[in-house]
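In what follows, a single structure is set out as C-alpha cells and then discussed.
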Amino acid sequence: MDKTARVRRRILALFLPLTAVLYVSCEALNPKGTDILILTMADALKVLPIAARHPGQLYVSGSLSLLALGALAVSWVAIATLVRGRGAVLATVAALLGAVGAFCGALVNVLGGVNLAAAATAPISHEAAGHFLVTSFNSGFEHVFSSVYFAGIYLAPALMGIALWRSRSVPRWLTVLFVAGLELAQQVPSAGPVKVVLLMLPFAVAMVLLAAHVWQAAASPASHGDPHPGPASSPSGEPAGTGAVRELAGPGTAAYHR
C-alpha cells in the first residue's frame, strides 16, 4: 500500500468516531417527545406544541442527524476495508446496504426534524401545520425511503457482523459490541442527554475501537505487497536460475528431455 492509499484509509478511519459524536449529539439535543412518526392529526397536535417551544433545538438536532447519517454511510466503507478473504463479498454488500440506507434515512429525517421545526414556527394554525405534517409522513416518498432506511439499519449491521466474525480481522467481542451497540443506538428515543449518552456509549466505544483497527491496518506490513511472492522470472519468462542449471547440466540434458 502506497502513501496515498494509507492517507485515504486513515481519513476513512476518522469518520467512525465522528459518526459516534454526531449520533450521540443529535439524539441528546433532540427535544423529548418529538422523535415519532406523525401519521395522524393526534400525533401532529401532540408534537407541534413541543416543537414550537424548541425550534432552534430541533433545527440543530435535525441538522446533526443529517450529518451523522452521512458520516455513517462513509463509515460502512471504512469498516468494510478491514475484511479480507473470508467475508469480503459479504462486507461489500453490507457496506452498500448500509450506505444506501443511511442516505435514505437522511432524506426521511428531514421530515421529522427540519420540517417539523419549520411547520411549528410558520405563521399558520396548528391544524394547518398538522395537516401538512400528516400528509408528508403518509406520502409515497416517505414510505419508499423509510422502507429502504429500515431495511438498511437492520440488515447492514447483521451482515457486517457476520463478515467481521468470519474474517477474524478484529476480536470477536468487538464484532458483537459493534452490532449490538449500533442496533441499540438506532432505537434510542429522545430521552434527555444523560440517558442518551449512557445508551449509546457501547456504540461509541465500538466505533472508536474499529477506527483504531482501520488506522493500524493502513500501516500494516501485510498491506505493502504480496506476503508470499512467487519466484522471480528471468527476462525470457523462465524462473530465475533455470538457465544456470541448464548450463551446468550440459547440452545433452536438453536433448534427453526432448
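Worth a mention:
- Y149, Y59, Y23 arranged by Cβ crowding within 10 Å, fewest neighbours leading: Y59, Y149, Y23
- Separation in nanometres of the label points that stand 7 Å from Cα toward Cβ, at L201 and A180: 1.4 nm
- Taking other C-beta atoms within 10 angstrom as a stand-in for reagent exposure, W173, W215 fall in the order W173, W215, fewest first.
- Net charge, A51 excluded, C-beta distance under 14 Å - Lys, Arg +1, Asp, Glu -1: +1
- With K and R counted +1 and D and E -1, the other residues having a Cβ less than 15 Å from that of V134 yield a net charge of -2.
- Rounded to the nearest 20 debye, dipole of the range 3-219 from Cβ charges on Lys, Arg, Asp, Glu: 1180 debye
- The fewest-to-most ranking of I162, I11, I153 by surrounding Cβ atoms within 10 Å reads I11, I162, I153.
A short reminder: the numbers here are calculations on the coordinates, not readings from a lab. Bear in mind that the values here come from a model prediction, so they are computed numbers and not experimental data. Virtual Cβ from ideal backbone geometry, glycine too; neighbours counted across all protein chains shown.
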